[in-house]
Amino acid sequence: MDKTYQPHEIEKSWYKTWEEKGYFAPQGGDDAFSIMIPPPNVTGSLHMGHGFNNAIMDCMTRYNRMKGKNTLWQPGTDHAGIATQMVVERQLAAQGIDRKELGREKFLEKVWDWKEESGGNITNQIRRLGSSVDWSRERFTMDPGMSDAVQEVFIRLHKEDLIYRGKRLVNWDPKLNTAISDLEVENKDKKGHMWHFRYPLADGLTTKDGLSYIVVATTRPETMLGDTGVAVNPEDPRYKDLIGKFIELPLVGRRIPIVGDEHADMEKGTGCVKITPAHDFNDYEVGKRNKLPMINILTFNGDIRATAEVFNTNGEESNDYPTDLPSEFIGMERFAARKAIVAKFDEIGLLDEVKDHDLTVPYGDRGGVVIEPMLTDQWYVRVEALAKPAVEAVENGDIQFVPKSYENMYFAWMRDLNDWCISRQLWWGHRIPAWYDDEGKVYVGANESEVRSQNNLSDDINLRQDNDVLDTWFSSALWTFSTLGWPEKTKELETFHSTDVLVTGFDIIFFWVARMIMMTLKFTGEVPFKTVYVHGLVRDQEGQKMSKSKGNVLDPLDIIDGISLDDLVAKRTGGLMQPQMAAKIEKQTRKHYPEGIASYGTDALRFTFLSLASTGRDVKFDMSRLEGYRNFCNKLWNATRFVMESIGQTDDKPLTQIEIDDINNGHVELSLADQWIESRLQVAQKEVIDALENYRFDIAAQAIYDFVWNEYCAWYLELSKPVLWDENSTDAQKRAARRTLVSVLESILRMSHPMMPYITEEIWQSIAPIAGKAGDTIMLAPYPQFDESKVNAQSDTDIEWLKGVITGIRNIRAEMGIGPGKPVKCLFRNGSEDDQRRLQANDTFLKAMAKLEEITWLNDGDAAPLSATALVGKMEVLVPMAGNIDVAAELNRLTRAFDKNEKELGRVAGKLNNPKFVDKAPQEVLEKEKAKLADFESTSKKLSEQIEAIKAL
RNA sequence: AGUCGCGUAGCUCAGUUGGUUAGAGCGCUACCUUGACAUGGUAGAGGUCACCAGUUCGAAUCUGGUCGUGACUACCA
């Protein structure tokens, strides 16, 4: 074995072996366990969030598999409509090709090509993370089977009138030219302006104040081209007389009414609100209430149209107004038009005022440009009826969120839902199964011929299919059951649905979790999962969300394999949407990773993720923690080297079967340490199992770390040395130590395997046969169970005593400046029978671990030399001060201990002197405090005696 | 503005139904290459649990408020 842990060597080949041997496929008992991977973007690449997510899911999966359950972790990817289409469009643009020139068919071929080319990337990454998914069942949302499911769902929902089509105001992304749902809109706080415009009253009217105009304010001046009214509050004494009158819309010359609507707030702004129903969500509602026409003035790219589109309040084309727009603005980009229109108002003396204004601006989360409310035909899901059972499933506990507090978030969102806009003006995705005849009548069905036959449409009637595709989340919402074969009634569906647990970040509870619950209940009558484990979001060391545009993303593989600083900088600054950020990103990267990133290996990364998986909302990823866990792997590795060495196994000379049988079956005489470590192992196992069952991976990781490092390595390994190295030890004693070393290590490996699959498999392969365990892989070995019969409380207190003596002497050594290599004498005074028994049983351990040349037991009245002293319970451990020892230092040490003890003594005494406490506190607590008091008093007494003795010199 | 969450050691975080001498890792200080491991060992230092008030015999933990901070929702004519 190498002297240090080398993750690369270990992690190189195991995954391939596991996969090839089919260990990931479901096998095991009748009791099933299943979990669905949240499908990542097929052409994307993994980020730290995926790494975190995968570490948790794989830990659960491996744990349940080792428990003997019929375990399925279902993998797959989604088609990520917008994101993928964007990437391919950009690639084409680089070659000077436009998507529309290419045509739909050809373009889709290109996307499929790209999927073939890059789709392996993400699955490779998942493999590198060690995720034990069943690759034989890998699914993709655009697979034929899943597409059938999507179509089936659409048609059925439509039949039940839960899907409808309508002309409505939607969030429009002018860059990507598609509608997006309100969840895909990101609101950002911006500094902007509020422009006040004067709108002249028509027909020579004046206001009460004698003005010939009213003033409206807007943050989006360009929309005024589409104004079809001005609203004032019906109660507003300033303006209510004007209701029913008209104004002359500047620049356009449109005559538009003043309407009374409560939307206009008398306290706010000027009290007059311009109404642009085709370009503002509030105005849309006001327009509907007041029967105002809607005028669309923008193209899908967000430019001013050549001619406006005029609709009546029902969304039908109308001639309520002419379609002319002022020629000087035509074709202008919306923000340029804003400037030009403000300038024009200023020029003609109608710009009343400009104020600075803080506002929230909606951005598309994909395209990154300002969203424009746009009047378009879209498909919607009516969510109200679907939401009700989805809420109930959580209320009645069929689905449980962990941590529970996320249920509030879920309910809050489910309470006020908007209908879900599911159509996207893209080519990449599931095309909407709807056909239109020449009159625009809609027919929904699986395909054209079905539509014709179901609706008795003859072949000479023209039909064309809807151009749009469905939101990717529509197909993702069917993920748990469509991956298992629905709408067929498959065996998999029966066995693995509902799934046991969904592991996801809170940021997609609405996007995905809620929609899955709604759709799955609707179509299977089952919940998609029984538990939703919600983890935090991985952030960088400054607590910032990781994003490509901020340049603070990390690829988990770069942590596993390592990356040079220059490569990391290049990776982060390449392909930026905003190239001007490059310098800042480079500076930041060089600051945070002056040496680049070392290679830490998969196990250390996974263990780090799991140790960070507490109940918090954020996970700040801390490289120093990662380093600590890499060191932990090294610790485990070297402990193994020690065990191998102790049993006489070397790389080129393995143990013979006879030698192995001897270790496992020969006569043994268990030492206190042997019994103790077995006992502690049980306690650790219980802690780990309890933590895993409660989704507290941080606690499980901590328990493993603590047991391996601070008990097995720090104490047990050290305690085994005196036995193994002492010529006077019997064979039975040595055999006991060897057997214990091996069996505890083997248990540690199985206990840790779900968290650190590679190193545990690597070591297990050589340790298991020696421990007498059969099996080809640790993956399928049984998970260790808590065995109460091996818990030994006596050994625990005895070892604590031993540790106390050793630590006490080491402390004296350190404070007195006695080097660890120098043997000292030691005397025990004022010890009990128990102390004496322990001393006899542990004489060898003590001498070896505290480097003692002689131990003397003092009986009452025996004289003691002047000594430095440590207390172990009531017993005093004396290290004689052989003349050259620092008296002042010892006095100082004792005084510090005394002061500390006095403080505690005072605190406890105060409590016990309080009659109310003595009166009301439970007996149990009272006894505990009394015992503490006695201890502190005895310690104080001893320490002051010792201080006096030193002072007397 | 509303809702929810958070504030514990220099840093990153645990702290289960109120009773611990408030813990861990990293970092820090001193010492140590001793035959698993310097990716190590030994011994230490370091906290008014944001602040104020309350409930209680007893509060990091429960309640109310203040301050700071984050997320989400809404508004922003």
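The values are calculated or read from the model by the stated rules, or taken from the named source; none is laboratory data. Here the structure is a predicted model, which is why all the values come from computation and not from measurement. Ideal geometry is used to build each Cβ from the backbone, glycine not excepted, and the neighbour counts take in all protein chains shown.
Any idea which of A:Arg893, A:Arg907 is in contact (Cβ under 8 Å) with a residue 12 or more places away in the chain, part of a helix (DSSP H, G or I) and under 51 Å from the mean Cα position of the chain (by Cα)?
On the way: A:Arg907 fails: in contact (Cβ under 8 Å) with a residue 12 or more places away in the chain.
When all the criteria are applied, what remains is A:Arg893.
The strands (runs of 3 or more DSSP E) located wholly in the stretch A:181-287 that include 1 or more residues which are in contact with a Lys or Arg (Cβ under 6 Å, 6 or more places away or on another chain) and closer than 29 Å to A:Arg305 by Cα occupy A:185-200, A:213-218, A:229-232, A:246-249, A:254-260.
Looking at A:Lys587, A:Lys545, A:Lys571, can you tell me which residue is farther than 30 Å from A:His497 by Cβ, surrounded by fewer than 15 Cβ atoms within 10 Å (Cβ to Cβ), of a type outside the set (Gly, Ala, Ser) and away from RNA strand B (no atom under 11 Å from the Cβ)?
Numbers: A:Lys545 fails: away from RNA strand B (no atom under 11 Å from the Cβ); A:Lys571 fails: surrounded by fewer than 15 Cβ atoms within 10 Å (Cβ to Cβ).
It is A:Lys587.
Within the stretch A:3-14, the residues that satisfy the criterion of being within 16 Å of RNA strand B (Cβ to nearest atom), under 21 Å from A:Cys59 (Cβ atoms) and of a type outside the set (A, V, I, L, M) are A:Tyr5, A:Pro7, A:Glu11.
Output the residue which, of all residues in the stretch A:584-600 that are among the charged types (D, E, K, R), assigned to a helix (DSSP H, G or I) and at pLDDT 85 or above, is farthest from A:Ile559 (Cα to Cα). Spell out how you get there, then give the answer.
Applying the first criterion (among the charged types (D, E, K, R)) to the stretch A:584-600 yields A:584, A:586-587, A:590-591, A:595.
Then keep just the ones that are assigned to a helix (DSSP H, G or I); that gives A:584, A:586-587, A:590-591.
Still in the running and at pLDDT 85 or above: A:584, A:586-587, A:590.
Values: A:Lys584: 22, A:Glu586: 18, A:Lys587: 20, A:Arg590: 16 Å.
For the stretch A:584-600, the residue satisfying everything is A:Lys584.
For the stretch A:298-321, indicate whether the set of residues that are hydrophobic (A, V, I, L, M, F, W, C), within 29 Å of A:Asp358 (Cβ to Cβ) and either at pLDDT 90 or above or within 13 Å of RNA strand B (Cβ to nearest atom) (or both) is non-empty. The answer is yes; a qualifying residue exists.
Within the stretch A:612-629, the set of residues being more than 7 Å from RNA strand B (Cβ to nearest atom) and out of contact with any Asp or Glu (no Cβ under 7 Å at 6 or more places or on another chain) comprises A:Met623, A:Leu626, A:Tyr629.
Kindly evaluate A:Glu659 against the criterion of being within 16 Å of RNA strand B (Cβ to nearest atom) and more than 25 Å from A:Gln785 (Cβ to Cβ). Write out each step before concluding.
Working: within 16 Å of RNA strand B (Cβ to nearest atom): no; more than 25 Å from A:Gln785 (Cβ to Cβ): yes.
So A:Glu659 fails the test.
Can you tell me which of A:Arg813, A:Arg750 is within 13 Å of RNA strand B (Cβ to nearest atom) and either among the basic types (Lys, Arg) or over 29 Å from A:Ile658 (Cβ atoms) (or both)? Reasoning before the result, please.
Details: A:Arg750 fails: within 13 Å of RNA strand B (Cβ to nearest atom).
Selected residue: A:Arg813, the only one of A:Arg813, A:Arg750 that is within 13 Å of RNA strand B (Cβ to nearest atom) and either among the basic types (Lys, Arg) or over 29 Å from A:Ile658 (Cβ atoms) (or both).
Being closer than 30 Å to A:Glu788 by Cβ, touching a residue at least 12 places away in the same chain (Cβ under 8 Å), crowded, with 19+ Cβ neighbours inside 10 Å and of a type in the set (Asp, Glu) is a property that A:Asp603 lacks. The helices (runs of 4 or more DSSP H) found wholly in the stretch A:493-576 and carrying at least 1 residues that are within 24 Å of A:Gly601 (Cα to Cα) occupy A:556-561, A:565-573. A:Gln580 fulfils the conditions (1) surrounded by fewer than 16 Cβ atoms within 10 Å (Cβ to Cβ); (2) within 14 Å of RNA strand B (Cβ to nearest atom); (3) part of a helix (DSSP H, G or I) except for a single criterion, (2). Where helices (runs of 4 or more DSSP H) sit wholly within the stretch A:702-781, those with at least 2 residues that are modelled with pLDDT of 95 or more and among the β-branched types (Val, Ile, Thr) occupy A:731-752, A:757-770. For A:Gln649, the conditions (1) more than 18 Å from A:Ser720 (Cβ to Cβ); (2) modelled with pLDDT under 90 all hold with the exception of (1). When A:Arg606 is tested against (1) away from RNA strand B (no atom under 14 Å from the Cβ); (2) more than 30 Å from A:Ser720 (Cβ to Cβ); (3) in a helix (DSSP H, G or I); (4) within 25 Å of the chain's Cα centre (by Cα), just one condition goes unmet, and that condition is (2).
Can you tell me how many residues within the stretch A:630-651 are more than 6 Å from RNA strand B (Cβ to nearest atom) and free of Cβ contacts under 8 Å to residues at least 40 places away in the same chain? Residues that pass the stated criteria total 2.
Pairs meeting the criteria (first residue in the stretch A:838-856 and at positive phi, second residue crowded, with 17+ Cβ neighbours inside 10 Å, beta carbons under 8 Å, at least 6 apart or on different chains) are A:Lys851/A:Val824. Residues that are among the small types (Gly, Ala, Ser) and buried (at least 17 other Cβ atoms within 10 Å of the Cβ) within the stretch A:229-251 comprise A:Gly229, A:Ala231, listed in sequence order. Scanning the stretch A:828-844 for residues that are surrounded by 14 or more Cβ atoms within 10 Å (Cβ to Cβ), within 56 Å of the chain's Cα centre (by Cα) and either at pLDDT 90 or above or farther than 22 Å from A:Glu727 by Cα (or both) returns A:Phe828, A:Gly831, A:Asp835, A:Gln836, A:Arg838, A:Leu839. Residues that are of a type in the set (Gly, Ala, Ser) and within 14 Å of RNA strand B (Cβ to nearest atom) were ranked within the stretch A:376-432; the one that is surrounded by the fewest Cβ atoms within 10 Å (Cβ to Cβ) is A:Ala412. A:Asn319 satisfies every condition listed in (1) surrounded by 15 or more Cβ atoms within 10 Å (Cβ to Cβ); (2) in a loop (DSSP other than H, G, I, E, B) except (1). Contact map, the stretch A:473-501: first residue at positive phi, second residue surrounded by 23 or more Cβ atoms within 10 Å (Cβ to Cβ) and among the aliphatic types (A, V, I, L, M), Cβ cut-off under 9 Å, separation 6 or more or different chains; pairs are A:Gly485/A:Ala149. For the stretch A:656-678, how many residues meet the condition of being closer than 24 Å to A:Ser752 by Cβ and buried (at least 18 other Cβ atoms within 10 Å of the Cβ)? Looking only at that region, the number is 8.
Looking across A:Val805, A:Val791, one residue alone is under 30 Å from A:Gly68 (Cβ atoms) and either acidic (Asp, Glu) or in contact (Cβ under 8 Å) with a residue 40 or more places away in the chain (or both). It is A:Val791.
Being out of contact with any Leu (no Cβ under 9 Å at 6 or more places or on another chain) and basic (Lys, Arg) is true for just one of A:Arg813, A:Arg829. Which residue is that?
Details: A:Arg829 fails: out of contact with any Leu (no Cβ under 9 Å at 6 or more places or on another chain).
Within the list A:Arg813, A:Arg829, the selection yields A:Arg813.
Only one of A:Thr17, A:Thr84, A:Thr71 is more than 16 Å from RNA strand B (Cβ to nearest atom) and surrounded by fewer than 14 Cβ atoms within 10 Å (Cβ to Cβ). Can you tell me which? That would be A:Thr17, the only listed residue that is more than 16 Å from RNA strand B (Cβ to nearest atom) and surrounded by fewer than 14 Cβ atoms within 10 Å (Cβ to Cβ).
Let's see how each residue does on (1) over 30 Å from A:Trp413 (Cα atoms); (2) more than 8 Å from RNA strand B (Cβ to nearest atom):
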| position | (1), (2) |
| --- | --- |
| A:Asp182 | no, no |
| A:Lys191 | no, yes |
| A:Met194 | yes, no |
| A:Phe197 | yes, yes |
| A:Thr207 | yes, yes |
| A:Thr223 | yes, yes |
| A:Asp227 | yes, yes |
| A:Asn233 | yes, no |
